[in-house]
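Laboratory data are not the source of any read-out in this text; all were calculated from the coordinates shown. From a predicted model like this one, the values you see are computed outputs, not experimental measurements. Methodologically, a virtual Cβ is constructed for each residue, glycine included, from the backbone with ideal geometry; neighbour enumeration extends over all protein chains shown.
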Amino acid sequence: MRIGLFDSGIGGFSVLKKVIELCPDNSFIYLADTARLPYGVKTNNEIKKIAEEISSWFSYQKIDAFLVACNTTNAIALDVLKNNLDVPVFDLIGSAASTIKESRVGVLATPSTVKNKAYTNAILDIKPKTFVIEQPCPDFVPMIEMDNINSDEITDVANGYLQPLLKQKIHSLILGCSHYPLITPLLTEILPSGVKLIDPAEALSLKLKLFMDSKTSNFSKRRKSVDLKFYVTSNLENFPNKAKHWLDVFPEVNLVSLQKKGWVS
Ligand code: DGL
């Protein structure tokens, strides 16, 4: 199967990794909209416009399924993505919300995701009595993109973000931005052992796997290995190293403009 996914930068790597673990031997097209990173401080209108451009680019890529590997776009413009694509769309927020069992849940996410209360609404739709507290984390994405992930600085920042949630005695913590699973070791160190860490990519991968299993006959010519294609909207030079660091591949990366129309796959 040919699967499309996108993020503003390297955050979607955390989703790609989980999906490859469960659904290997497929073809993946990863788009990083690096020219407009970070998404998490943008307005709803900006994110909707971005979602339109991204989905229209992917509509030329002959994909069989699409993964929303960015929570901010998921929170604000899922309808735009779904309307513009004629393949099944798998999202992080809906997938994670349907698996929540705890009654006190914390969410770490970008300021734009938190402002839209997407996780709170998605969880309360399914389990109305759940207590949900969302914490905006504006400093994480720039730090993770700069690979500033083992410093006292990020430890202090993480402590600051987690304290209000821990005061509320949360039982689980959702990593509501796809960049955050990349700092799981740091978060695990700070969190008390009783708090369960939830990476929404796990629920998304399971849904994708179920979908694939149900379609096996239609896609019987399965690949025998994973095939990865990467596209960025700027900073072409840095991206192969980032992919090497996080995914252990050194891919060819292509520069693409999302504004220009008339793409070919
Ligand atoms: N990783 C994305 C998310 O899940 C976007 C983060 C950003 O660019 O601010 O929200």
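Shape summary: the stretch 72-150 maps onto an equivalent ellipsoid whose semi-axes, from the alpha-carbon gyration tensor, are 22, 20, 11 Å in decreasing order. Kirkwood analysis of the stretch 1-57, using all unique Cα-Cα pairs, places the hydrodynamic radius at 12.3 Å. Here each label is just a point 7 Å from Cα along the line to Cβ, and for K62 and F211 those points are 2.0 nm apart.
With n ≥ 4 as the cut-off for DSSP H runs, can you work out [θ] at 222 nm for the chain, using -39500 (n - 2.57) per run divided by the number of residues, rounded to the nearest 500?
Taken over the chain, the calculation gives -12500 deg cm²/dmol.
Centroid-to-centroid, using Cα positions, the stretch 173-208 and the stretch 45-95 are 22 Å apart.
Projected label points at E21 and L236, each 7 Å from Cα along the beta carbon direction, are separated by 3.4 nanometres.
For the chain, find the longest principal axis of its Cα atoms and tell me its angle to the long axis of helix 12-22, 0 to 90°, nearest 10. For helix 12-22, the angle is close to 80 degrees. Relative to the longest principal axis of the Cα atoms of the chain, the long axis of helix 71-84 lies at roughly 30 degrees. Restrict the search to the stretch 139-222; then list the GluC sites (Glu not before Pro) that DSSP places in a loop and that have at most 16 other Cβ atoms within 10 Å of their Cβ. For GluC sites (Glu not before Pro) across the stretch 139-222 that sit outside H, G, I, E and B with at most 16 neighbouring Cβ atoms in 10 Å, the list is empty. Annotation: amide H of I174 within the under-5 Å range of G106, V107, L108, I198, sequence separation 5 or more or interchain, hydrogens built in the peptide plane.
Pair-distance distribution of the chain: all C-alpha pairs, bin width 10 Å, starting at 0; shares per bin in whole percent are 7, 32, 37, 20, 4, 0.
Estimated from the Cβ-Cβ distance and a Förster radius of 45 angstrom, the FRET efficiency linking E52 and N159 is about 0.75. In the chain, excluding the sites themselves, the longest stretch lacking any of the chymotrypsin sites (Phe, Trp or Tyr not before Pro) that are in a DSSP loop with at most 14 other Cβ atoms within 10 Å is 61-218. Among N238, N121, N84, the largest mean-square fluctuation in a Gaussian network model of the chain (Cα springs under 10 Å) belongs to N238. How much of the calculated P(r) for the stretch 103-147 lies past 15 Å, in percent of all Cα pairs? Distances greater than 15 Å cover 46 percent of the Cα pairs. The longest part of the chain holding none of the exposed loop trypsin sites (Lys or Arg not before Pro), meaning those outside H, G, I, E and B in DSSP with at most 16 other Cβ atoms within 10 Å, is 1-61. Using Cα springs under 10 Å in a Gaussian network model of the chain, which residue among V195, V80, V249 shows the largest mean-square fluctuation? Largest GNM mean-square fluctuation: V249. At q = 0.10, 0.13, 0.15, 0.19 Å⁻¹, what base-10 log of I(q)/I(0) does the Debye formula yield for the stretch 1-126 when every alpha carbon is treated as an equal point scatterer in vacuo? Rounded to two decimals, the profile gives -0.30, -0.51, -0.68, -1.08. Give me the tail of P(r) for the stretch 102-232 as a percent: Cα-Cα pairs with distance above 27 Å. For the stretch 102-232, the fraction of Cα-Cα distances above 27 Å is 31 percent.
Cross-linked pairs K18/K244; K62/K242; K49/K260: Cα-Cα separations exceed 19 Å for K62/K242. At an R0 of 35 angstrom, the distance between the Cβ atoms of K117 and M146 translates into a FRET efficiency of 0.75. Against the chain, whose longest principal axis comes from its Cα atoms, helix 152-167 is set at around 60 degrees. Working from label points 7 Å from Cα in the Cα-to-Cβ sense, the T188 to N45 distance is 4.4 nm.
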